[in-house]
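Worksheet for the structure shown next.
The values are calculated or read from the model by the stated rules, or taken from the named source; none is laboratory data. Just so you know, these numbers come straight off a predicted model, no measurement behind them. We place every Cβ from the backbone using ideal geometry, glycine too, and count neighbours over all the protein chains shown. Remember, those area values only see protein heavy atoms, side chains included, never the ligands or the DNA or RNA. Shrake-Rupley method; radii C 1.70, N 1.55, O 1.52, S 1.80 Å.
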Amino acid sequence: MSTAKPAKTAGTAETTAETTVESPATTESAKASGSSRRPYHHGDLRRAILTAALDAIAVDGPSALSLRDLARRAGVSHAAPAHHFKDRTGLLTAIAAEGFGLLAGAIGEAADLKDAGVRYVRFAREHPAHFQVMFAPELLRDGDLELATARALAADALSHAVSAVPPEGRGPDARLAGVAAWSLAHGFATLLLGHNLDGAVSERDPEEVFRALASMLFQAPAE
């Protein structure tokens, strides 16, 4: 996205989609009143919209997301979200793609399969809004290249972690072992975020609880 400012033309009433809703006078008024809100500039506008969307999803869920409300939250023109993401589906798809990219990076740094699962759970806890959107295909744009690429990277990272486990520790079918590992990590993370494990986990570290569960599933058979 170019950061060059459009030339001013006399008599032109329109503003670009990048224009913020706060005029210099409004900004000075906000400063005088002690408000910390500031207009976003061209370079960080897309990030500002994504951040506002993630904040809204964390509180109200993705179904309540509104582009007009996001513009208000971010302090930008009502056309700015549509300019960057086209529509609500495009915005949610961008969030999902970002989430899978972050997840792929986290799993890719795992020391072993258990650590990959722990990192999966940690990702869900640290990025609950991403997590909600990533696994809701009905909210996302089918065939989006960025999303498909990020999703494949995350799947490859998990597959690599599973393949590093010796067959005697995971069984002969590596693909089914991957499904088992994903199911365990995803199911645990989902139950945890929904506070369904509050009683079972109690004061224990959820990551340590997950490590114990993973040890029950992936271990060498007794001789």
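Tally up the residues in the stretch 48-65 that are open to solvent by 40 Å² or more (accessible area, probe 1.4 Å) and modelled with pLDDT of 90 or more, please.
Final tally of qualifying residues: 5.
Name the single residue that is least open to solvent (accessible area, probe 1.4 Å) among those in the stretch 131-151 being farther than 13 Å from Leu91 by Cα and touching a Pro at 6+ places or on another chain (Cβ under 7 Å).
This residue is Ala136.
List the helices (runs of 4 or more DSSP H) that sit entirely inside the stretch 56-161 and contain at least 3 residues that are in contact with a Phe, Trp or Tyr (Cβ under 9 Å, 6 or more places away or on another chain).
Helices (runs of 4 or more DSSP H) meeting the threshold: 88-108, 113-126, 128-134.
Which of the residues belonging to the stretch 184-198 are assigned to a helix (DSSP H, G or I) and either open to solvent by less than 70 Å² (accessible area, probe 1.4 Å) or modelled with pLDDT of 95 or more (or both)?
Within the stretch 184-198, Leu184, Ala185, His186, Gly187, Phe188, Ala189, Thr190, Leu191, Leu192, Leu193 meet the criteria.
Of the conditions (1) touching a residue at least 24 places away in the same chain (Cβ under 8 Å); (2) assigned to a helix (DSSP H, G or I), Val179 clears all except one; give me its number.
Of (1) touching a residue at least 24 places away in the same chain (Cβ under 8 Å); (2) assigned to a helix (DSSP H, G or I), only one is false for Val179: (1).
Mind telling me which of the residues Ala136, Ala106, Ala155, Ala110 ends up being over 22 Å from Arg170 (Cβ atoms) and out of contact with any strand residue (DSSP E or B) (no Cβ under 9 Å at 6 or more places or on another chain)?
The conditions single out Ala136.
Considering each of Leu193, Leu213 in turn, give the residue that is within 26 Å of the chain's Cα centre (by Cα) and more than 19 Å from Asp115 (Cβ to Cβ).
Leu193
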